[in-house]
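Colleague: One structure, as structure tokens, below. Some questions next.
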Amino acid sequence: MIAGTRKMVTVLVSIACLSVAGQAFAWTKTVNFDNGTNGALANGAVGFDYAGSKTTISGDMAVSGAKSAKMVWAKGDPGWNLQHGEINFPAPVKNGGEVWIRGYYYFANPWSFLSNNGDYSGIKIMRLATDVGGWHSIFSVFSPNISASNEMEQVQIDTSAPFIIGAWQSLEMYLKLSPTQGIFRIWQNGKLVFEDLNHKTITSSNGYVSMASVMSVWNNNVGQSQTQYVDEFVITTDRPAQVDSKGNPMIGPINGTSPATLPPPTGLRVTATK
């Protein structure tokens with residue numbers, strides 16, 4: 001089980017037996033940035049498996065410990081290869097398997113989710129990649145709210161839950177992999193803000209998920225110069241001990257949570273993702 005209060009210095013991979021279809025063993029990978037050198041690229045043994053050139057170790061602030069990864073955005077930046085981090089899985093998660101990912105995000109004031117065109121064009125904030133190149137994502141796309149995106153079904157939903165500006169927030173995703181009827185959930189600070197029990201999460205029985213992406217693309221480029229920080233990522237296939245108000249297992253915030261009830265879904269729409 002995942003202990004939400006346990007402090008990991010770099011990357012931990014743990015293996016244990018699981019009786020879940022599609023997974024021969026359970027693993028946990030934890031990424032923070034405490035062992036990095038301030039100003040250095042936030043990758044390798046001190047952080048992401050890949051980090052963009054404007055994604056660096058910073059002692060400005062941290063969720064716990066002393067450091068986080070800092071992403072500096074200049075007006076017009078596209079995100080990719082600049083403000084971006086990737087986390088490779090120790091092993092793919094296959095049909096019937098489950099995976100959770102939690103990370104902390106700090107969008108520093110003044111912050112805007114508008115693009116350089118002055119619209120909401122789609123910012124890729126947290127993503128899980130499938131074998132066919134499709135993604136399950138937390139976006140900001142229709143508004144400054146959390147949006148859920150399932151590219152297997154070309155469905156995007158605005159949750160009406162706004163991203164928090166000027167404070168750390170825990171964002172978490174969960175997938176149950178199925179080519180017919182999977183499960184996709186999103187939590188913010190331990191509160192369930194999105195749940196989809198009705199769509200496939202992989203395209204075939206041989207499908208899988210193998211990596212996570214953090215702040216990969218800002219469609220139509222960022223609208224203003226601004227700064228953000230990310231920290232304390234945990235990815236696991238080992239079912240966590242903490243649960244939300246509906247009894248769903250989640251990694252949850254580091255210091256625990258007082259779960260809140262999922263609000264009625266709003267903003268359902270079907271659209272081609274960019």
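What follows is calculated from the coordinates using simple rules that are stated; it is not laboratory data. In this text the structure is predicted, and so the values were computed from the model without any measurement. Cβ atoms come from the backbone with ideal geometry, glycine included; neighbour counts cover every protein chain shown.
Colleague: By what distance, in whole Å, do the Cα atoms of the range 88-162 stretch along each of the three principal axes, largest value first?
Modeller: Computed over the Cα atoms, the extents are 40, 26, 22 Å.
Colleague: Average projected area of the Cα convex hull of the range 146-244, in nm²?
Modeller: 7.8
Colleague: Which of the peptides 68-76, 26-34, 109-117 is most tightly packed, and how do the rest follow, judged by the mean count of other Cβ atoms within 10 Å per residue?
Modeller: Put in order of decreasing packing, that is 26-34, 68-76, 109-117.
Colleague: Show me, for the range 185-201, the HN-Hα J-couplings you get by feeding each phi into the Karplus relation (A = 6.51, B = -1.76, C = 1.60, θ = phi - 60°), rounded to Hz, glycine and proline as x.
Modeller: Karplus-based 3J(HN,Hα) across the range 185-201 equals 10, 9, 10, 10, 6, x, 9, 6, 10, 7, 8, 10, 10, 10, 10, 5, 10 Hz.
Colleague: Quick check: residue separation of His199 and Ser160 times 0.36 nm, minus the Cα distance between them. What number comes out in nm?
Modeller: 12.0 nm
Colleague: Something else: What residues qualify as long-range amide H neighbours of Phe48, i.e. H under 5 Å apart, gap of 5 or more or another chain, H built at 1.01 Å from N?
Modeller: Under 5 Å from the amide H of Phe48 lie the amide H atoms of Asn43, each far enough along the sequence or on another chain.
Colleague: Say each of Ala45 and Arg239 gets a label point 7 Å from the Cα, pointing the same way as Cα to Cβ; how far apart are those two points in nm?
Modeller: 3.6
Colleague: Which residues does a label at Ser225 reach in the range 97-123, if reach means a backbone N under 19 Å from a point 7 Å past the Cα toward the Cβ?
Modeller: Those under the cut-off are 107-118.
Colleague: May I ask you to list the residues of the range 169-187 whose amide nitrogen lies under 14 Å from a point 7 Å from Cα along the Cα→beta-carbon direction of Val132?
Modeller: Flagged as within label range: 178-182.
Colleague: Next up: When a/c reaches 1.5 or more, the comparison of a/b and b/c decides; with that in mind, is the range 51-189 rounded, prolate or oblate per its Cα gyration tensor?
Modeller: In terms of gyration-tensor shape, prolate.
Colleague: If you place +1 on the Cβ of every Lys and Arg, -1 on the Cβ of every Asp and Glu, and leave all else neutral, what size is the dipole of the range 27-270 about its Cα centre, to the nearest 20 Debye?
Modeller: So the dipole magnitude of the range 27-270 works out to roughly 60 debye.
Colleague: Tell me, rounded to the nearest percent, the portion of alpha carbon pairs in the range 27-270 spaced more than 23 Å apart.
Modeller: 46
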